[in-house]
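Coordinate-derived values only; no laboratory data. Quick caveat, the model's predicted, so the values are computed rather than measured. Here Cβ is always computed from backbone atoms with ideal geometry, including for glycine, and neighbour counts include all displayed protein chains.
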Amino acid sequence: MHAALPDLSATIPVAPSLSMFDPVFIGINEFGNPVYLDLVYHNLLDAGEPGGGKSVLIQNLVGHAFLCHDFTPVLLDPKWVELGMWMEAAEATGGIFVGPDIDKGLRVLRRLQKVMDRRYAWLVAHGRRKFLASDAIKVIGVFIDELAYYTTTTGTPEQQKEFIALVRDLVARGRACAMPVIAATQRPSVDIIPTSLRDLFGYRAAFRCTTPNSSDIILGHGWASAGFNAQAISPQSPGVFYLIAEGGIPYLVKAAYLTDEQIHQLVDYVTWSRRNGDQTPVPLAA
Ligand SMILES: Nc1ncnc2c1ncn2[C@@H]1O[C@H](COP(=O)(O)OP(=O)(O)OP(=O)(O)O)[C@@H](O)[C@H]1O
Ligand SMILES: [Mg+2]
């Protein structure tokens, strides 16, 4: 008789061991191969018509980020229901959640601008051009689900202008100092995403659009007429989008999907393990 094997799952701590510097799994391509993003050095613009799957994609990225030991969340969601699900986990991780409150949004972005300046000052002082995983620095991921709310819907024109200017600064300078921006918007029109801002996003995800012009606003001028047209994505295929990465050719991706239940499990796990950091975390429920 063999002695019974010990139940290792009960004794080996399961801890968040991912890093923001790891590739982030977002879904599969047309050939069924996995698609990963290198989030830390890129910004992502996520756009397309309502119901296309933008928030589902963001949830995948947020889910990865919260399982990382080097993530500080800044979550802006005027609709509450998407990034708001992570509110408790954000608090436990030393991050912040902003709802439909442009004053708070502006305060947070101004603070991030200061942090960015200090990080650059540190890089300059050390003769460096960017942060690496070995620097053990927290990656401040700025997730905005529905950019247009802050840039066109709420607040005064001055506040909206300041919001756009601050986001632009973060998108332009945040990359190298480990502060990537991930922003979603339903209406990819030029008033919401000026071309000069769009071009700063190294990754752009075009979910189903109502016109080839909208698709081009996201992917870049001329792609729709070259056959890469997000209007052609079937309304029956939510979660499918064209991804363009840093000057490459757009390709189709189907985003992975986290159910509400899975997100709640992740939030519980993250919150518990952050609040009880020196104890053995409870493994995720099956
Ligand atoms: N990758 C996916 N796999 C399976 N179903 C998906 C996927 N993406 C989206 N869906 C379905 O489409 C619905 C709408 O997706 P989602 O909420 O992400 O859209 P959205 O683009 O954020 O819409 P809105 O602009 O209104 O916020 C989801 O509730 C889900 O049922
Ligand atoms: Mg959404």
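Just so you know, in the stretch 145-166 the residues that are touching a Phe, Trp or Tyr at 6+ places or on another chain (Cβ under 8 Å) and in a helix (DSSP H, G or I) include one that is farthest from PHE21 (Cα to Cα), and it is GLN160. Kindly provide the set of residues from the stretch 30-89 that are away from ligand 1 (no atom under 14 Å from the Cβ), aromatic (Phe, Trp, Tyr) and free of Cβ contacts under 8 Å to residues at least 60 places away in the same chain, ordered by number. Scanning the stretch 30-89 gives PHE31, TYR36.
Scanning the stretch 139-159 for residues being buried (at least 17 other Cβ atoms within 10 Å of the Cβ) and more than 16 Å from ligand 1 (Cβ to nearest atom) gives a total of 6. Scanning the stretch 201-224 for residues that are among the aliphatic types (A, V, I, L, M), within 16 Å of ligand 2 (Cβ to nearest atom), in contact with a Cys (Cβ under 9 Å, 6 or more places away or on another chain) and over 17 Å from PHE163 (Cα atoms) turns up at least one hit. Exactly one residue among GLU30, GLU49 is within 16 Å of ligand 2 (Cβ to nearest atom), farther than 20 Å from GLY84 by Cα and of a type in the set (Asp, Glu), and that residue is GLU49.
Conditions (1) within 16 Å of ligand 2 (Cβ to nearest atom); (2) of a type in the set (Asp, Glu); (3) under 22 Å from THR185 (Cβ atoms), marked per residue:
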site: LEU18; (1), (2), (3): no, no, no
site: ILE26; (1), (2), (3): yes, no, yes
site: LEU44; (1), (2), (3): yes, no, yes
site: ALA65; (1), (2), (3): no, no, yes
site: ASP70; (1), (2), (3): no, yes, no
site: PRO73; (1), (2), (3): no, no, yes
site: LEU76; (1), (2), (3): yes, no, yes
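Of the residues screened, ALA121 is not one that is touching an Asp or Glu at 6+ places or on another chain (Cβ under 8 Å) and surrounded by fewer than 19 Cβ atoms within 10 Å (Cβ to Cβ).
Residues in the stretch 208-243 that are surrounded by fewer than 20 Cβ atoms within 10 Å (Cβ to Cβ) and over 20 Å from the mean Cα position of the chain (by Cα): 16 in all. Provide a single number: the residues in the stretch 193-207 that are in contact with a helix residue (DSSP H, G or I) (Cβ under 6 Å, 6 or more places away or on another chain) and surrounded by fewer than 24 Cβ atoms within 10 Å (Cβ to Cβ). Result for the stretch 193-207: 2.
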